[in-house]
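Okay, structure first, notes after.
The values are calculated or read from the model by the stated rules, or taken from the named source; none is laboratory data. Not measured: the values here are computed from a predicted model. Don't worry about glycine lacking a Cβ; one is built from the backbone with ideal geometry, like all the others, and counts go over all protein chains shown. Accessible surface areas use protein heavy atoms only, side chains included; no ligands, DNA or RNA. Shrake-Rupley method; radii C 1.70, N 1.55, O 1.52, S 1.80 Å.
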Amino acid sequence: MNRSFLTLLLTLCLSVHCLSAQAKKQVRLTVAFYNLENLFDTIDGDNNDEDFLPEGKNQWTQEKYKQKLHNMAYAISQIGSKNGPDIIGLCEMENRQVLQDLLAEPELRDLGYEIVHFDSPDKRGIDCALFYRSKYFQLLDARPHPVRLKGEEYIKTRDVLEVNGLLLGEPVSFLVSHWPSRVGGEQISLRRRMQAAQVMRSVTDSLLQANPAHKVILMGDFNDDPTSASVVQGLKAKVTPEGLTPEDLYNPMAKIHASGRGTLAYRDVWNLFDNLVVTANLVGGADTSLHLLQDKKSGDYAYIYSADFLTQKTGHFKGYPFRTFSSGRFQGGYSDHYPVYLYLTRTIEE
């Protein structure tokens, strides 16, 4: 075999290797959750929406509604990346129409979002929903799971939204929930949130039993912190990523909560009610499969988006999330919760 042929063969091999290397790309996707804080329209519906009507307590006019839509659209467009999250769970919206109105805002209309939504039995009519980009997520099916409170069936709370599909070709499910509030006291109302947690856990277990490789991301306003009994015992979410077994859930918000940070404040105490929880198969693993991206500097797997524009600048609630109403007065803010988000990453062939 002559030298020139060997040189040609080596050149071809190097070219193939370079093409192969160039054909691989690391993809990073943003998954988020945001409590929209009472995104109501101005139309009188069958639900208890009296406060959010033009003649209601909040004097909820079309002008205020439009400002609220603009604010929430802008906030969503900023979470996690310059084009907003690729998947975002939402709660506290009145109906599907307000979601359509939200996506019609200039900040979101060209971002390629599609909607998953079901009406919930909540007396105020507030629901859970999911926005997703079909560029990355292929929707297969979705359904609501009712949370029936034993012995208190007269209390109607939000369903758990289950959304199943393929994210970059892998089977992934998103569960979105808004657990019962702390009305009546944290401990007295705890059993209601325990039941909501158990519904979420049951749905997750069913998905994993059907396919142990199935990846699940649970999200929502749990009205409890990562260390609360409803999350640790009801949902059975671990607070650290070490030593996870295949059936375990991991809550990356726990580390943030332990540092004293939160997503909402009350009487100068911060709570972290907005949780993102994942199945163990999203922690670590091969680069060629979807997994949580860890920040090399902080070690965090998830984040609170507490941007300056989302934060109250003056007054008694300075430093708190900049909400729509304060002490009964419209102040044109965003929400009483900060949004939360995480990154998923995977190396794919181009």
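Electrostatic tally near V176: other residues with Cβ closer than 11 Å to its Cβ, Lys and Arg +1, Asp and Glu -1, net -3. Across segment 183-234, Cα-Cα pairs farther apart than 19 Å form 32% of the total. Among the helices of the chain (complete DSSP H runs), which have Cα atoms covering no less than 15 Å along the helix axis and a Kyte-Doolittle mean of at least 1.0? Result, helices passing both filters: 3-22. Taking a ≥ b ≥ c as the square roots of the Cα gyration tensor eigenvalues, with a/c under 1.5 meaning rounded and otherwise prolate when a/b beats b/c, else oblate, which class fits segment 102-257? The shape class here is oblate.
Across q = 0.12, 0.13, 0.17, 0.22 Å⁻¹, segment 253-350 modelled as identical point scatterers on its alpha-carbon atoms has Debye log10 I(q)/I(0) values of -0.50, -0.56, -0.80, -1.10, in the order of the q list.
With bins 20 Å wide beginning at 0, the percent of Cα pairs of the chain falling in each bin runs 29, 55, 11, 4, 0. Rounded to the nearest 20 debye, the dipole size of segment 241-332 about its Cα centre is 680 debye, using +1 on the Cβ of Lys and Arg and -1 on the Cβ of Asp and Glu.
In terms of the mean number of neighbouring beta-carbon atoms within 10 Å, the peptides 215-226, 265-276 order highest first as 215-226, 265-276. With each run of n ≥ 4 DSSP H residues scored as -39500 (n - 2.57), what mean residue ellipticity at 222 nm is computed for the chain after dividing by its residue count and rounding to the nearest 500 deg cm²/dmol? Value at 222 nm, helices only, nearest 500: -7000 deg cm²/dmol. Specify whether the C-alpha gyration tensor of segment 47-95 places it in the rounded, prolate or oblate class, a ≥ b ≥ c being the square roots of the eigenvalues: rounded for a/c under 1.5, otherwise prolate if a/b is larger than b/c and oblate if not. It comes out oblate by the Cα gyration axes.
Counting only protein heavy atoms and using a 1.4 Å probe, the accessible area of E247 comes to about 100 Å².
Positive contributions from Lys and Arg (+1) and negative ones from Asp and Glu (-1), summed over other residues with Cβ under 13 Å from the Cβ of L342, come out at -1. Over segment 268-313, the hull volume per residue, using the convex hull of the C-alpha atoms, is 131 Å³. Bridging of K66 to lysines at a Cα separation below 27 Å is possible for K57, K82, K123, K313, K318, once same-chain residues fewer than 8 apart are set aside.
Per-peptide packing, taken as the mean over residues of other Cβ atoms within 10 Å, places 182-188, 70-76 in the sequence 70-76, 182-188 from highest down.
Could you work out how much longer the chain between R191 and E152 gets when fully extended? Use 0.36 nm per residue separation minus the Cα distance between them, nm to one decimal. Computed gain between R191 and E152 is 13.0 nm. Here segment 70-105 is scanned for amide nitrogen atoms under 14 Å from the site 7 Å beyond the Cα of T42 along Cα-to-Cβ, giving 70. Considering only DSSP beta bridges whose two residues both sit in segment 224-350, what percent are antiparallel, to the nearest 5? Roughly 85 percent of the DSSP beta bridges within segment 224-350 come out antiparallel.
Multiplying the residue separation of V239 and K123 by 0.36 nm and removing their Cα-Cα distance gives an extension gain of 38.4 nm.
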